[in-house]
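Student: Input: one structure, supplied below.
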Amino acid sequence: MNPDQIRAQVLEALSDVAPEADPSSLEGDVPFRDQLDIDSMDFLNFLIGVNQRVGVEIPEADYPKLETLDDLVGCLVAARAG
Amino acid sequence: MTGEFRMPSLGADMDEGKLVEWLVEPGDRVARGDLVAVVETSKAAVEVEVWEEGVVAELCVAPGTTVPVGTVLARLEPAGSEAAAGALAGEEPGVAAPPAARGEGPLASARPPAAGPAAAPSAPSEPAPSARAAAAAPREAAPPRPASAVAPPPAAQAPPSGVTGSEAPAEVAPAAPPAATAPSTSEVEAPAGPGRVRASPYARRRARELGVDLAGVRGTGSHGAIRAQDVEAAAPPPSPAAAAEARREAMREGMARAMARSKREIPHYYLGTQVDLGATLEWLEARNAERPLAERILPAALLLKAVAAAAAEVPEVNGFYRDGRFEPSDAVHLGVGISVRGGGLVAPALIDAGTKPLDALMADLRDLVARARKGSLRGREMSAPTLTVTNLGDQGVRAVFGVIYPPQVALVGVGKVEDRPWVVDGAVVVRPVVDLSLAADHRASDGHRGGRYLAAVAKKLQRPESL
């Protein structure tokens, strides 16, 4: 999967927890929670969805580093490359 | 009364409910806890359970009918009785034509269409006893109940799932192979007088509701009779947005009634405390580090467990105030405030939250949230909460001063967990701290007892491993 595909998968997983969100209008460098109405349960389900699609398990300790779409995609790309 | 299944009260403000769909039919054997019907209230469409064993003898209320709480919806015969055996064989006399006052055939859409071409689907209308006997007998030999094997059709559910009326017929078709191939003479339908379109009473009602002209509808019942699902297929689908908005409106009205009643009747008092969550979060972090995503536990689940477990120590916050007195509850069924996407709030119960193991509680919480947002909560979950928690920490709220859901007697509020200055052993340190509040009914408890309750919650959170 290249970074664009990963990004697309992440956006799909996001739509699962926040169906009313418009993925194309999401700003990559602004925290998810500032743009969407998602709580901690949604965020957990989102990461589970990302894991199912992209195959990367994100340790809980890394959560604070993943507040924006760009950060998350970057982390996933690095994890898959390494 | 035994033998009667009545419209349940699914919430403090519920006076009436709409029976949307039957999940069983006469002749079905039911056990305690079986889902038997889908009922719609102003807040949600809910699958309702029966609490008796027996055999369904008669369905007294037709789908689509709104009745007051307490109305008899169905009659059951105790399993093993002669009458039950009669119901199974289709000879039960009580199953004959329903009282005219009810207006519609009781079996309206309860019987699903048999899928094969040879099987004549039962067009809903006033059944004749002989027709019922003929229809019931062949069914006994074949696997029964396709209806109960199918999840309640989305058409009956909250539209957040985005289903429109035109999808309903496909969902109602049973997954099981056609069972009864009742001879077509047994199919009963509204007598077709000259110039009158053949259609079941329920189909006519749906046509009125949806503004559909029956003349333009193709019927799929026997002899071309029009059935309710034909009408629904012909109707212009309500836009998912309009249907969703209608549901939200109903939910807001339900909430408004409950909250107004609460403030009118319950003398609220409020207490707040701050709790150091350092021990809890540390313990959780260590535990989650060893677990895959799907098995991780959220801090919210630990908070819920502590709130529920502490209620065992101060029973005055857990139970119902009804008929002028407080009835404490032995079990703690914790209502959890869950926001519904697009607006609206429900607070269904996590059953036995105080004694359930933490893993199970977390799994149940995830399932409850998912179903609350999809609109498929169960009757018991709506009526069971003995104490409710509203956790608004994710919204950035520091402290919550809530409104109790009658007939409960308390509401626990949880705010945002934040690093704050804290004093430990005479030195100022940084700790993750949360504001915990209690709104309580002064008829059931007083500030002293309320204070002891909050202290008990705080204490449990200092020893998360014991939760």
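The values are calculated or read from the model by the stated rules, or taken from the named source; none is laboratory data. The shown structure was predicted, so the numbers you read here are calculated from the model rather than taken from an experiment. In this analysis, Cβ positions are derived from the backbone assuming ideal geometry, glycine residues included, and neighbour counts consider all displayed protein chains.
Student: Please go through (1) farther than 22 Å from B:D394 by Cα; (2) away from chain B (no Cβ under 14 Å); (3) without any contact (Cβ under 8 Å) to a residue 24 or more places away in the chain for A:I6 and return the number of the only condition it doesn't satisfy.
Tutor: (3)
Student: Yes or no: region A:42-49 includes at least one residue that is at pLDDT below 85 and of a type outside the set (G, A, S).
Tutor: Looking through region A:42-49, none of the residues is at pLDDT below 85 and of a type outside the set (G, A, S).
Student: Mind telling me which of the residues B:A384, B:A300, B:A331, B:A370 ends up being within 28 Å of B:V433 (Cα to Cα) and among the small types (G, A, S)?
Tutor: Numbers: B:A384 fails: within 28 Å of B:V433 (Cα to Cα); B:A331 fails: within 28 Å of B:V433 (Cα to Cα); B:A370 fails: within 28 Å of B:V433 (Cα to Cα).
Selected residue: B:A300, the only one of B:A384, B:A300, B:A331, B:A370 that is within 28 Å of B:V433 (Cα to Cα) and among the small types (G, A, S).
Student: Okay, moving on. Looking for whichever is more than 20 Å from B:E290 (Cα to Cα), surrounded by fewer than 19 Cβ atoms within 10 Å (Cβ to Cβ) and away from chain B (no Cβ under 12 Å) here; the options are A:L69, A:L26, A:L36. Which one fits?
Tutor: A:L26
Student: Looking only at region B:316-364, count every residue that is under 21 Å from the mean Cα position of the chain (by Cα) and aromatic (F, W, Y) and tell me the total.
Tutor: Residues flagged as under 21 Å from the mean Cα position of the chain (by Cα) and aromatic (F, W, Y) within region B:316-364 amount to 1.
Student: Is it fair to say B:E77 is modelled with pLDDT under 90 and over 16 Å from the mean Cα position of the chain (by Cα)? First the steps, then the outcome.
Tutor: Details: modelled with pLDDT under 90: yes; over 16 Å from the mean Cα position of the chain (by Cα): yes.
For B:E77, the condition - modelled with pLDDT under 90 and over 16 Å from the mean Cα position of the chain (by Cα) - is met.
Student: Let me ask something else about it. Spot the failing condition for B:G278; the list is (1) more than 30 Å from A:Q52 (Cα to Cα); (2) in contact (Cβ under 8 Å) with a residue 12 or more places away in the chain; (3) of a type outside the set (A, V, I, L, M, F, W, C); (4) surrounded by fewer than 16 Cβ atoms within 10 Å (Cβ to Cβ), and only one is missed.
Tutor: Result: B:G278 passes all but (4).
Student: Can you tell me which residue is nearest to B:E21 (Cα to Cα) among those in region B:376-400 that are out of contact with any His (no Cβ under 6 Å at 6 or more places or on another chain) and assigned to a loop (DSSP other than H, G, I, E, B)? Even if it seems obvious, please write down each step before you answer.
Tutor: Within region B:376-400, the subset out of contact with any His (no Cβ under 6 Å at 6 or more places or on another chain) is B:376-383, B:387-400.
The next check asks that each one be assigned to a loop (DSSP other than H, G, I, E, B); those that pass are B:376, B:392, B:396-400.
Details: B:S376: 14, B:L392: 35, B:G396: 41, B:V397: 41, B:R398: 43, B:A399: 42, B:V400: 39 Å.
Here the residue is B:S376.
Student: Just the residues that are away from every other protein chain (no Cβ under 14 Å) and in a loop (DSSP other than H, G, I, E, B), please, taken from region B:349-375. Even if it seems obvious, please write down each step before you answer.
Tutor: Initial filter on region B:349-375 (away from every other protein chain (no Cβ under 14 Å)): B:349, B:351-360.
Residues satisfying the conditions are B:I351, B:D352, B:A353, B:G354, B:T355, B:K356, B:P357.
Student: Here's another thing I want to ask about it. I need a count of the residues in region B:327-339 that are in a loop (DSSP other than H, G, I, E, B) and under 19 Å from B:G415 (Cα atoms).
Tutor: The total comes to 1.
Student: Among the candidates B:R420, B:R431, B:R452, which residue alone is over 30 Å from B:E245 (Cβ atoms), part of a helix (DSSP H, G or I), more than 14 Å from every other protein chain (Cβ to nearest Cβ) and over 24 Å from the mean Cα position of the chain (by Cα)? Before you say what the answer is, go through the steps one by one.
Tutor: Numbers: B:R420 fails: part of a helix (DSSP H, G or I); B:R431 fails: part of a helix (DSSP H, G or I).
None of the other options fit; the residue is B:R452.
Student: Now for a separate question. Every residue in region B:387-422 that is among the aliphatic types (A, V, I, L, M) and in contact with a strand residue (DSSP E or B) (Cβ under 6 Å, 6 or more places away or on another chain), please.
Tutor: Answer for region B:387-422, where residues must be among the aliphatic types (A, V, I, L, M) and in contact with a strand residue (DSSP E or B) (Cβ under 6 Å, 6 or more places away or on another chain): B:L387, B:V389, B:A399, B:V400, B:I404, B:V409, B:A410, B:L411, B:V412, B:V414, B:V417.
Student: Identify the single condition in (1) under 15 Å from B:D394 (Cα atoms); (2) part of a helix (DSSP H, G or I) that A:L11 does not satisfy, given that it satisfies every other one.
Tutor: Every condition holds for A:L11 apart from (1).
Student: Yes or no: region B:252-270 includes at least one residue that is at pLDDT 90 or above and farther than 30 Å from B:E16 by Cα.
Tutor: Yes, there is a match, as at least one residue in region B:252-270 is at pLDDT 90 or above and farther than 30 Å from B:E16 by Cα.
Student: Among the residues that make up region B:375-383, is at least one of them among the hydrophobic types (A, V, I, L, M, F, W, C) and more than 30 Å from B:R6 (Cβ to Cβ)?
Tutor: no
Student: Hey, can you tell me all the residues within region B:426-467 that are modelled with pLDDT of 95 or more, out of contact with any Lys or Arg (no Cβ under 6 Å at 6 or more places or on another chain) and acidic (D, E)?
Tutor: Passing the criteria: B:D441, B:D446.
Student: Restricting to region B:273-310, give me the number of residues that are farther than 17 Å from B:W422 by Cα and within 14 Å of another protein chain (Cβ to nearest Cβ).
Tutor: 22
Student: It is to be established whether one or more residues within region B:435-446 are closer than 29 Å to B:E282 by Cα and surrounded by fewer than 23 Cβ atoms within 10 Å (Cβ to Cβ).
Tutor: Yes: one or more hits.
Student: Among the residues of region B:236-244, is there at least one that is within 22 Å of B:A372 (Cβ to Cβ), within 13 Å of chain A (Cβ to nearest Cβ), crowded, with 19+ Cβ neighbours inside 10 Å and in contact with a helix residue (DSSP H, G or I) (Cβ under 6 Å, 6 or more places away or on another chain)?
Tutor: yes
Student: Could you grab me the full set of residues in region B:401-417 that are in a loop (DSSP other than H, G, I, E, B) and either in contact with a His (Cβ under 7 Å, 6 or more places away or on another chain) or crowded, with 24+ Cβ neighbours inside 10 Å (or both)?
Tutor: B:I404, B:Y405, B:V409
Student: Just to be sure I understand, how many residues within region B:343-384 are on the phi > 0 side of the Ramachandran plot and surrounded by fewer than 18 Cβ atoms within 10 Å (Cβ to Cβ)?
Tutor: 2
Student: When you scan region B:293-326, how many residues do you find that are assigned to a loop (DSSP other than H, G, I, E, B) and either over 22 Å from B:Q462 (Cα atoms) or not small (G, A, S) (or both)?
Tutor: Number of matching residues: 8.
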